[in-house]
Amino acid sequence: MPDDDDIPMVQLLSPDGERVDHPDFRLEVSAEEVRSLYRDLVLVRRFDGEAAALQRQGELGLWTSSLGQEAAQVGSGRALLPGDHAFPTFREHGVAWCRGVDPVDLMGMFRGVNHGGWDPDEKNFHLYTIVIGAQTLHATGYAMGIGKDGADGAVIAYFGDGASSQGDVSESFTFASVFDAPVVFFCQNNQWAISEPTARQSRVPLHQRAAGFGFPGVRVDGNDVLACLAVTRWALDRARQGSGPVLIEAFTYRMGAHSTSDDPGRYRPPGEIEAWQRRDPVERVRAYLLRQGWADQAFLDAVREESDRLARHVRTSVREMPDPDPGLIFRHVYAGPHPLVDEERAAYETYAAGFAEGNGAAA
């Protein structure tokens, strides 16, 4: 397999923060739009870091960091129109932010107080999917429904390089291609499927796999928010026009662990993180803003202060989350009453009542 760094990819902003022209993906952005994207990147990174700290303090059971992948998520998330639908994995915190989901709602599931704290119909951002690759089938089916309804929207399905080895993803590619489903497959190739490198997921670059299914594949610099915005906007427009699916491979890097239960130091080679830190998605936008004279220190300080306020909001709100009623586990299992579930609920209530009586006797 060739060195992935030698494979051309769409880039509009160099790691040093200089604009780069691309003949197929031109993007006109104003100073205000770039400042807004920078704000998104900073705030997403800040609440992600706060969530990781909360997990270490015992406030969350687990956390899956998006550190290093902010540009891929914010760029693609800001390309979505209000009527589009996004199907995430468990790491798309930046896309959730772009769809208006409160970061606190993201953390409810990781604290164990709900199964997803937002309304997918309201946000057009579906619930996090833990089963690797399953959401690509959900997204493709939804997109096929949109096509049959004659609606104007499009669907985007997020998954990682590790999920590309799942049969669900290949099945999704087949159905989407055959039925010209208006779906964009957005693969964040962050180089590691937990502890296995991308080279063990595919012998060819991931975006080239689309050709075997009959639709286009594009590799984009996943640390370049402008390139991710431009390529995703093109792919979504193409899908809405009835031209079928596109596979986008966002070439990025997971700067943190796969989750807070993982130790990447056991499998990453020395020097790899340092090399990717020089491609940091937040710093390149900051450099671009300063180079263009579109931001000053007062603006940067204001964004930092806003990120600190967001972190305090997250920290306080998570700690104040009420514990759920344990009986909720028995509700909504079926559409209506079910004798077996009723029996199990009654047995649990009797069991739980015994603890309450014991506490009372002790008092």
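The values are calculated or read from the model by the stated rules, or taken from the named source; none is laboratory data. Note that this is a predicted model, so its numbers are computed, not measured. Counting neighbours? That spans all protein chains shown, and the Cβs are built from the backbone with ideal geometry, glycine included. Note: areas computed on protein heavy atoms with side chains; ligands, DNA, RNA excluded. Shrake-Rupley method; radii C 1.70, N 1.55, O 1.52, S 1.80 Å.
Quick rundown of the values:
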item	result
For Leu13, distant residues with modelled amide H under 5 Å away	Val20, Ala227
Percent carbon-and-sulfur accessible area, the range 96-167, ignoring ligands, DNA and RNA, probe 1.4 Å	51
Inter-label distance for His338 and Asn114, nm, one decimal - labels placed 7 Å from Cα along Cα-to-Cβ	2.3
Accessible surface of the range 21-87, 1.4 Å probe, proportion on carbon and sulfur as whole %	48
Cα-centre dipole for the range 97-148 with unit charges at Cβ (Lys and Arg positive, Asp and Glu negative), debye to 20	180
Most positive-pole-ward Cα, Ala163, Val231, Leu43, against dipole of the chain from beta carbon charges	Val231
Nearest-0.05 FRET efficiency for Phe330 and Asp301, computed from C-beta distance (R0 56 Å)	0.65
Net charge over other residues, Cβ less than 10 angstrom from the Cβ of Tyr128 (K, R count +1; D, E count -1)	0
Carbon plus sulfur fraction of accessible area for the range 193-328, probe 1.4 Å, in percent	48
Contour minus Cα-Cα distance for Ala353 and Val20 (0.36 nm per residue)	113.2 nm
For the range 119-192: relative contact order, % (alpha-carbon pairs under 8 angstrom, 6 or more apart)	36
Solvent-accessible surface (1.4 angstrom probe) belonging to Asp168, in square angstrom, nearest 10	40
Local electrostatic count at Arg268 - Lys and Arg +1, Asp and Glu -1, tallied over other residues with Cβ under 12 Å	-3
Accessible surface, per residue, of the chain when the full set of protein chains is kept, probe 1.4 Å, Å²	46
Rounded to the nearest 10 Å², the accessible area of Phe213 at probe 1.4 Å	60
Projected label distance in nm at Ser259 and Ala211, using a 7 Å step from Cα toward the beta-carbon	3.6
Local net charge near Ser195, Cβ-Cβ under 14 Å (Lys/Arg +1, Asp/Glu -1)	-1
Solvent exposure, largest accessible area first (probe 1.4 Å, DNA, RNA and ligands not counted), of His138, His126	His138, His126
Zone residues, the range 78-111, relative to Ala53, backbone N less than 13 Å from point 7 Å out along Cα-to-Cβ	none
For the chain, the longest site-free run once GluC sites (Glu not before Pro) in DSSP loop states with at most 10 other Cβ atoms within 10 Å are removed	29-319
Karplus (6.51, -1.76, 1.60) ³J(HN,Hα), θ = phi - 60°, over the range 160-166, in Hz, Gly and Pro reported as x	x, 5, x, 5, 5, 8, 7
Gap separating the Cα centres of the range 214-266 and the range 153-182, nearest whole Å	13
GNM result for the chain, Cα springs below 10 Å: residue of Gly133, Gly271, Gly58 fluctuating most strongly	Gly271
Largest to smallest accessible area among Phe186, Phe25 [probe 1.4 Å]	Phe25, Phe186
At least 15 Å along the helix axis (C-alpha) and Kyte average at least -1.0, DSSP helices within the chain	31-56, 134-149, 167-178, 225-240, 281-292, 297-319, 339-362
